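Novice: Provided herewith is a single structure, encoded as structure tokens, for subsequent inquiry.
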Amino acid sequence: MRRLGWVSLLADNSDAQRAGGSGGDFATHAEPYRRELLAHCYRMTGSLHDAEDLVQETFLRAWKAYERFEGKSSIRTWLHRIATNTCLSALEGRQRRPLPTGLGGSGSDPTAELVEQREVPWLEPLPDLTNDPADPSVIVGSRESVRLAFVAALQHLSPRQRAVLLLRDVLQWKSAEVAEAIGTTTIAVNSLLQRARSQLEAIRPSSADRLAAPNSADAQDLLARYIAAFEAYDIDRLVQLFTAEAIWEMPPYVGWYQGPQAIGTLIHQQCPAEHPGDMRLIPLSANGQPAAAMYMRAGEAHRPFQLHVLEMQTDRVSHVVAFLDDTLFAKFGLPSSL
């Protein structure tokens, strides 16, 4: 039911009048939490598309149960409880969503043939949900909680471990509240949380504290130079922008590449661009990180090609995930051509 307006269900259904208020009353109280629920479902699933569907399902379930909402908790807590259980049900039997680096193995040869696996349910990026100062009720957690590497690390946990970790460490719920929400005991919650934290500590990035804020002057300057190098098709200038241990990956291709020279060789040999102006990029942010939407020349226009999500440390780019999924462009509010 992606993109289906749940509010329209209220207008079309004769059961919209409920004890304690109308469907419109529910919409007024619930709608301010849509964005943070989207972020929560995204953290749980690693998929923007799935998260949108799950938020819709959450609102539909909440609307149907609204007459039984007694106000013992805040409506925000109640909605997150429904969203968490909706995600847990949806994740039963599903594969985790990796990035190429999460598949194991060492860095790939940039001169080798690219290997594509579209059947893998790859991790997806998240549009910036935090820059709406007109809506102070939107709470999506810190940049760290939606950072791409963190969400990728969450995929190594079981769904219940993810739920416990996110409710305790991101939403700051008490163990008893989490236990009640997912139908278990406080002892079980604490055990799940301990194991989740231990696993996450072993796999999560250690450089988080050194990452540049996406809206800082340094990050914006580096992003502008990154874009300029691509648009000029200046591989030498681009290579100079990467750290010595920089990583490049681009799902749905399974390979990943480490080091400026390997990245430069990959772009030179595998990128369909041949001349300056073949690529145009629009700066944006995703997952609380600097990002850019790349358009590739196709005849007289430039068409969606890749969406780059960058990690930056000081004055260099340390990691790029270049998503080759043109359906993401509309999700980010980007034009279909330039």
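The values are calculated or read from the model by the stated rules, or taken from the named source; none is laboratory data. Nothing here was measured: the structure is a model prediction, and the numbers come from that model. Each accessible area value is taken on the protein alone, full model and side chains, heavy atoms only, with ligands, DNA and RNA left out. Shrake-Rupley method; radii C 1.70, N 1.55, O 1.52, S 1.80 Å.
Novice: How many angstrom separate the Cα center of region 284-338 from the Cα center of region 84-112?
Specialist: Between the Cα centres of region 284-338 and region 84-112 lies a distance of 20 Å.
Novice: Could I ask something else about it? State in Å² the accessible area per residue of the chain; use a 1.4 Å probe, count heavy atoms of protein chains only, and round to the nearest integer.
Specialist: 46 Å²
Novice: If you don't mind, another one. Residue separation times 0.36 nm, minus the C-alpha to C-alpha distance between S74 and E274: what's the value?
Specialist: Extending this stretch completely gives an extra 66.4 nm.
Novice: Carbon and sulfur atoms: what percent of the 1.4 Å accessible area of the chain do they account for?
Specialist: That fraction is 48 percent.
Novice: Something else now. Hey, could you grab the Kirkwood Rh for the chain? Inverse mean 1/r over distinct alpha carbon pairs, Å, one decimal.
Specialist: Every distinct Cα pair counted, the radius reaches 21.4 Å.
Novice: Show the residues, 5+ positions off or on another chain, whose built amide H is closer than 5 Å to the amide H of M250.
Specialist: Sorted by chain and number, the residues that satisfy this are A322.
Novice: If you take the square roots of the eigenvalues of the alpha-carbon gyration tensor of region 25-94 and sort them as a ≥ b ≥ c, do you get rounded (a/c under 1.5), prolate (a/b over b/c) or oblate?
Specialist: Prolate.
Novice: Here is a further query. Calculated from DSSP H runs of 4 or more alone, at -39500 (n - 2.57) each and per residue, what is the 222 nm mean residue ellipticity of the chain, nearest 500?
Specialist: That calculation yields -12000 deg cm²/dmol at 222 nm.
Novice: By its C-alpha gyration tensor, with a ≥ b ≥ c as the square roots of the eigenvalues, how is region 217-332 shaped: rounded for a/c under 1.5, else prolate for a/b larger than b/c, else oblate?
Specialist: Since a/c stays below 1.5, the shape of region 217-332 is classed as rounded.
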